[in-house]
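The values are calculated or read from the model by the stated rules, or taken from the named source; none is laboratory data. Keep in mind that this is a model prediction, so the values were computed, not measured. Reconstructed Cβ throughout: ideal geometry from the backbone, glycine too, with neighbour counts over all protein chains shown.
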Amino acid sequence: MHQHLGEFYIDGRWVAPSGGRELDVFDPATGEPFARIAVAGVEAVDGAVMAARRAFEDWAASSVAQRIALLSRVEQGFQARQDDLCRAMSQEMGVPISAARSIHFGSGPAHLKETMRVLERFAFDELRGTTLVTREPIGVCALITPWNFPINQVVCKIAPALAAGCTMVLKPSEVSPLSALIIADILDEAGVPEGVFNLVNGDGAGTGQALASHPEVDMVSFTGSTRAGIAIAKAAADTVKRVAQELGGKSPNILLADADFPRAVTLGANRCFNNSGQSCVAPTRMLVPRARMQEAAHLAAEAARTARVGQPSDPQAALGPVATRAQFEKVQRLIGEGIAAGARVVAGGPGRPEGFERGWFVRPTVFADVDPSMSIAREEIFGPVLCLIAYEDEEDAIRIANDTCYGLAAYVQSADPARARRVARRLRAGNVQLNYPPVDRGAPFGGYKQSGNGREWGEFGLHEYLEIKGIQGWEPPA
Ligand SMILES: NC(=O)C1=CN([C@@H]2O[C@H](COP(=O)(O)OP(=O)(O)OC[C@H]3O[C@@H](n4cnc5c(N)ncnc54)[C@H](O)[C@@H]3O)[C@@H](O)[C@H]2O)C=CC1
Ligand SMILES: O=Cc1ccc(S(=O)(=O)O)cc1
């Protein structure tokens, strides 16, 4: 267990709060608490924000070379703590240890490397006629993160914030605080200057709101539910903070008739089940030509049956439990609603998989003949549940794909690149993926509509943490 569990990292040192509330941290494989964290109240939040405020001027004046050197040491720290980070994630949010290593861990170093690559070439100053356009760090940032990809979600905020010259207070999810404490260790050991990075733990309603409304916070970057995103934007509005939101999704996966169906369905189903379905970009609505519904249902059911659910410590497990009791109950409720609405279960279904009597394990489930109006086709389930929806023609597929309040990701499968590109241009989503490409950490990541605003990752992420200043008359008029 982390030696500073129950403490916060403020102004370059670990601080033990006196008294105050505590929260249990639960093991999703058992449903039992295994650790306790302290909850930062208004006073501790203020201490962390003011430390970040005091550190801002110096860090904002640091050179690009200093920032790259820090990011590089942080990247080395990640490599050195790989085992600790993977074990912590596996325990706190239930990801199988093998997936923690193969899927989760790499996102940290990858974002750090991409940020360093961008920083090396980034033009902070640009002369436009007689005006200098300069990009300056926005100030003190509150970074509020969820539990589903604990490393990715934290590092894709910390790396660009440090690169921009911002100072910050991280509040990780109360569900997954252990990996974040290790990340704080890594930053400390990398020599982050006092006050530049601070960490407080706590819940959303108390700690999160105190941060989002603090007058000395200039920007909030949030990833999580649309519900919390709205509450944060309201809390930030009184002091007109910038708010970047990466929220939920209900991503369509259009299988055009010329797609390689065995590949398109199997990979699509596996991507939907990845991380036990707890991914904002999960391709949860598979759109298939009406005549191919049965074929797609058969292939997807086979993928669900072979997706191995197991204990997080089981090296053969592909899927662990979902992270919380609330998540388990939400998934069960929506599976029940799908059945009641008349969708056809072709794999999985309600309850725990056979052999699991406790913990938040869910059966990988496939619904065929789903109507786009059903709640399983409209709500973000955040569990391993795939919906197959029939379409009539390409136009109908695009209409159904865009018929959602979300717009985070979308997927198109086709043997014809020109056709796939044509469809992609018509989808109202921030990230469109054609034929399951490898992940590109330099691509913009963020959503249209109620999936949020702003873009993370690479150069796009760096811009989020910068103000733009125009200095007119920088050059005398000709
Ligand atoms: N976009 C994404 O990657 C994620 C989406 N979700 C969606 O959200 C649903 C619920 O998951 P939750 O764990 O409840 O996520 P959540 O959105 O409540 O929690 C995410 C973070 O926001 C904080 N938070 C919550 N309410 C807040 C408030 N009023 N003010 C400030 N901070 C606040 C939490 O403490 C946590 O750090 C999931 O079923 C899923 O649909 C959840 C996690 C990640
Ligand atoms: O939930 C958001 C999310 C999910 C996955 C990834 S990754 O590309 O697999 O790292 C990023 C963000």
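Identify all residues within the range 406-429 that are among the charged types (D, E, K, R) and farther than 16 Å from Asn453 by Cα; write none if there are none.
Scanning the range 406-429 gives Asp416, Arg419, Arg421, Arg422, Arg425, Arg426.
Whether any residue in the range 170-187 is of a type in the set (Asp, Glu), surrounded by fewer than 24 Cβ atoms within 10 Å (Cβ to Cβ) and more than 14 Å from ligand 1 (Cβ to nearest atom) is what I want to check. Yes, that holds for at least one residue.
Taken over the range 267-280, residues that are buried (at least 22 other Cβ atoms within 10 Å of the Cβ), touching a Leu at 6+ places or on another chain (Cβ under 9 Å) and at negative phi amount to 5.
A count restricted to the range 222-244 and to residues that are surrounded by fewer than 16 Cβ atoms within 10 Å (Cβ to Cβ), under 24 Å from Asn148 (Cα atoms) and of a type in the set (Val, Ile, Thr) stands at 1. Of everything in the range 405-448 that's within 20 Å of the chain's Cα centre (by Cα) and away from ligand 2 (no atom under 16 Å from the Cβ), which residue is surrounded by the most Cβ atoms within 10 Å (Cβ to Cβ)? It comes out as Arg428. Select from the range 195-210 the residues that are in contact with a helix residue (DSSP H, G or I) (Cβ under 6 Å, 6 or more places away or on another chain) and surrounded by fewer than 22 Cβ atoms within 10 Å (Cβ to Cβ) and list them in ascending order. Matches in the range 195-210: Gly204, Gln209.
Quick check on the range 210-226: of everything there that is more than 16 Å from ligand 2 (Cβ to nearest atom) and within 23 Å of Leu178 (Cβ to Cβ), which residue is farthest from the chain's Cα centre (by Cα)? Lay out the reasoning, then the answer.
Residues of the range 210-226 that are more than 16 Å from ligand 2 (Cβ to nearest atom), as a first pass: 210-220.
Now drop any that are not within 23 Å of Leu178 (Cβ to Cβ), which leaves 210-211.
Details: Ala210: 22, Leu211: 19 Å.
Among them, the one singled out is Ala210.
Go through the range 22-66 and give me each residue that's free of Cβ contacts under 8 Å to residues at least 24 places away in the same chain and either within 27 Å of the chain's Cα centre (by Cα) or over 19 Å from Leu170 (Cβ atoms) (or both). Let's see the steps before the verdict.
Of all residues in the range 22-66, those free of Cβ contacts under 8 Å to residues at least 24 places away in the same chain come to 22, 24, 32-33, 43, 57, 63, 65-66.
Within the range 22-66, Glu22, Asp24, Glu32, Pro33, Glu57, Ser63, Ala65, Gln66 qualify.
The set of residues in the range 209-266 that are among the aromatic types (Phe, Trp, Tyr) and more than 9 Å from ligand 1 (Cβ to nearest atom) contains only Phe261. Considering only the range 312-328, I want to know if a residue exists there that is more than 14 Å from Gly383 (Cα to Cα), more than 16 Å from ligand 2 (Cβ to nearest atom) and not in a loop (DSSP other than H, G, I, E, B). No; the residues of the range 312-328 include none that is more than 14 Å from Gly383 (Cα to Cα), more than 16 Å from ligand 2 (Cβ to nearest atom) and not in a loop (DSSP other than H, G, I, E, B).
On the given criteria, is Glu329 free of Cβ contacts under 8 Å to residues at least 60 places away in the same chain, within 21 Å of Cys280 (Cβ to Cβ) and assigned by TED's automatic domain parsing to the domain that holds Ala368? Steps first, please.
Numbers: free of Cβ contacts under 8 Å to residues at least 60 places away in the same chain: yes; within 21 Å of Cys280 (Cβ to Cβ): yes; assigned by TED's automatic domain parsing to the domain that holds Ala368: yes.
The answer is yes for Glu329.
Looking at the range 349-357, is at least one residue more than 16 Å from ligand 1 (Cβ to nearest atom) and touching a residue at least 40 places away in the same chain (Cβ under 8 Å)?
Yes, because at least one residue in the range 349-357 is more than 16 Å from ligand 1 (Cβ to nearest atom) and touching a residue at least 40 places away in the same chain (Cβ under 8 Å).
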